[in-house]
Amino acid sequence: MTSNDEYVIQLLTERGFLSADQVEAAAQSMKAENETTLDVLVSGGTVSEDEVLGSIADQFGLKYCHINAEAISQDVTREITAEIAKKYGVVPVVADDDSVTVALSDPMGYDAIDSLRYVLHGKDVEAVLCPLAEVRSAMQKLYPSDDGAEVTTRDEIGDDGGEASGDDAPVIKLASMLITNAIKMKASDIHLEPMEKEFRVRYRIDGALRKMDSPPKRLQGAIISRIKIMSKMKISEKRIPQDGRIQISVGGRDLDLRVNSVPTNHGESIVMRVLDKSNLSLGLPQLGFLSDDQTTFERLIKLPDGVVLVTGPTGSGKTTTLYACLGQINTPDKKLITVEDPVEYQMSGINQVQVNKDVGLDFSAALRSILRQAPNIVMIGEIRDAETADIAMEAALTGHLVFSTLHTNDAPSAVTRLLDIGVKPFLVASALRAAMAQRLVRAICEKCKESYTPTDRELKMLGSISKTIPEQMYHGAGCDVCGKSGYKGRKGIFEIFKVDDTIQRLIFDHAPATILRERAREMGMRTLREDGMLKVASGMTSLSEILRVTMGDAD
């Protein structure tokens, strides 16, 4: 079954015209080589042509109707000649000085309308969807001397310049193009946003949203439905949020897209998060660690037991860091188990458990079960409640190395966050080995990097740190490689908070984060801003980028 047929059959099933048993029976009864399941369903009377075309027309924002060839005036051929009719797969029905109404027989041929508007010098072109036999009859009446003008379905051009297959129907091609373009531009998220008068498309590239060329507003429903079908969502359900997943291969790279739909005032908003499995091969140096922090962190992740936390807001790269850690310590002599919601990357050699709250498998329940699997290393996607935190701490005290994440702004605040959610101080002090806060900053594009002298305002904002920076900073001038942004790619800045004997005693005494931070600074902990400034000095990122990301740094 082609993607086109699959799309139509699922649409009909969602609307109640077909059942799964009927589709399966039709698939089993195909006889002719070129016959499709949809052909069998229509020819056998299981579903009518009116139901098929009417459902698709409604989905695509078109009107479905029947036309009578005898009632069409020959005058319409003055606007659309036989050559145009054949090229765009349409037959004119009504025409006047300002507008033309055309009939389509191919439900996926709607993109001809935009081309016709251009060919007809901006006239308003409306389309209706009609049965193929009626379009043929109208074609023979209007263009009787042009045998070649008869239209069945319009030829599509594939990416290689040849005829496209059925899989290359316009809506399918357009949805695929939105995804492949985002991947080529190294976008981390794809946002499809219904606005009042436009269907906005934006890509998040290096942490910043960029507006792309928008598809026609009338194709909004068709594109969203196609994405929902690809991600195994219910296309008929538009009242509640849905989650789905798309697995694709682009340029030899296996990619997962985590898809979420949310109903809004003007239609369903879709966000696709691109999960690139090539990130799993990133080592700690590729994440942006300086050599001393890398040595420290490598020692921490090779400890036999304890809890190591990675903290930061959403989108700060915590998951990528944890997977990089797991990839580095994943050896045949160790058993690794993860509990995630959802499982973002499939990793070979690691047992990964997907949280499923609908059946009672939350983080705490999954964690209890996997500890009976005798793992050496456990990764918990996020510590969200006291029960999960208590189990994680107790697991660390019984000989397991536990990795997890928390949403805190800096590393010492991880301690107070654990205490606030109800974990006993002695558990935190005994089990926690370290917490590392991180942020992602945009790296300067190497193609357009240039030096400049920092302004007095920038130096004033830096305060005492300004004494340590070199006289010349770097920024990106903007070029075609980086999309005129001056940045290409992202790196991390880090703040590593290690728990020593003194900090353990402070945790026992329920000391606030400010006291813990002071002690950590005495031990030599670099703050996020200080780590960022070292990377500014090395030319990795810009001063303005560090100021933007670390504006809340207490120092």
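Some points to look at:
- With respect to being out of contact with any strand residue (DSSP E or B) (no Cβ under 8 Å at 6 or more places or on another chain), touching a residue at least 60 places away in the same chain (Cβ under 8 Å) and either more than 24 Å from residue 400 (Cβ to Cβ) or not aliphatic (A, V, I, L, M) (or both), residue 314 fits the description.
- Extreme residue, nearest to residue 488 (Cα to Cα), among residues of the range 169-193 that are part of a strand (DSSP E or B), open to solvent by 10 Å² or more (accessible area, probe 1.4 Å) and not small (Gly, Ala, Ser): 189
- Leading residue by the ranking (farthest from the chain's Cα centre (by Cα)) among those in the range 202-219 that are part of a strand (DSSP E or B), farther than 19 Å from residue 481 by Cβ and modelled with pLDDT under 95: 211
- Top-ranked residue in the range 68-88 [being among the β-branched types (Val, Ile, Thr) and crowded, with 19+ Cβ neighbours inside 10 Å; ranked as farthest from residue 10 (Cα to Cα)]: 76
- Scanning the range 481-504 for residues that are open to solvent by 30 Å² or more (accessible area, probe 1.4 Å), of a type outside the set (Val, Ile, Thr) and over 20 Å from residue 204 (Cβ atoms) returns 498, 500, 501, 504.
- For first residues located in the range 40-60 and in a helix (DSSP H, G or I), partners that are of a type in the set (D, E, K, R) and lie 6+ apart or on another chain with Cβ distances below 8 Å form the pairs 42/49; 55/15; 57/63.
- When residues of the range 117-155 are limited to those that are within 36 Å of the chain's Cα centre (by Cα) and buried (at least 20 other Cβ atoms within 10 Å of the Cβ), the one modelled with the highest pLDDT: 129
- Considering only residues in the range 40-56 that are of a type in the set (Ser, Thr, Tyr) and more than 35 Å from the chain's Cα centre (by Cα), the one that is farthest from residue 12 (Cα to Cα) turns out to be 43.
- The set of residues from the range 28-66 being among the hydrophobic types (A, V, I, L, M, F, W, C) and at pLDDT below 85 comprises 30, 32, 56, 57, 60, 62.
- For residue 197, the criteria (1) of a type outside the set (S, T, N, Q); (2) at pLDDT below 90; (3) within 14 Å of the chain's Cα centre (by Cα) hold in every case but one, which is (3).
- Screening the range 356-369 for residues that are surrounded by fewer than 20 Cβ atoms within 10 Å (Cβ to Cβ) and hydrophobic (A, V, I, L, M, F, W, C) and picking the one that is nearest to residue 335 (Cα to Cα) gives 365.
- Selection status of residue 226, more than 30 Å from residue 71 (Cβ to Cβ), at pLDDT 80 or above, in a helix (DSSP H, G or I) and of a type in the set (D, E, K, R): yes
- Condition met for residue 519 (crowded, with 20+ Cβ neighbours inside 10 Å, of a type outside the set (Phe, Trp, Tyr) and in contact (Cβ under 8 Å) with a residue 12 or more places away in the chain): no
- Taking the criterion of being touching a strand residue (DSSP E or B) at 6+ places or on another chain (Cβ under 6 Å) and free of Cβ contacts under 8 Å to residues at least 12 places away in the same chain, the only residue of the range 236-266 that qualifies is 247.
- Test: residue 21 is among the acidic types (Asp, Glu), part of a helix (DSSP H, G or I) and surrounded by 12 or more Cβ atoms within 10 Å (Cβ to Cβ): no
- Single residue of 316, 369, 364, 269 found to be closer than 30 Å to residue 535 by Cα and not aliphatic (A, V, I, L, M): 316
- Considering the range 370-472, the qualifying strands (runs of 3 or more DSSP E), each wholly inside and each with 1 or more residues that are open to solvent by 10 Å² or more (accessible area, probe 1.4 Å), of a type in the set (Lys, Arg) and touching a helix residue (DSSP H, G or I) at 6+ places or on another chain (Cβ under 8 Å), run over 432-444.
The values are calculated or read from the model by the stated rules, or taken from the named source; none is laboratory data. Just so it is clear, the structure is predicted and the values come from calculations on it, not from any experiment. Using ideal geometry, Cβ is built from the backbone for each residue, glycine included, and neighbour counts are taken over all protein chains shown. Accessible surface is based on the protein model in full, side chains and every heavy atom, while ligands, DNA and RNA are left aside. Shrake-Rupley method; radii C 1.70, N 1.55, O 1.52, S 1.80 Å.
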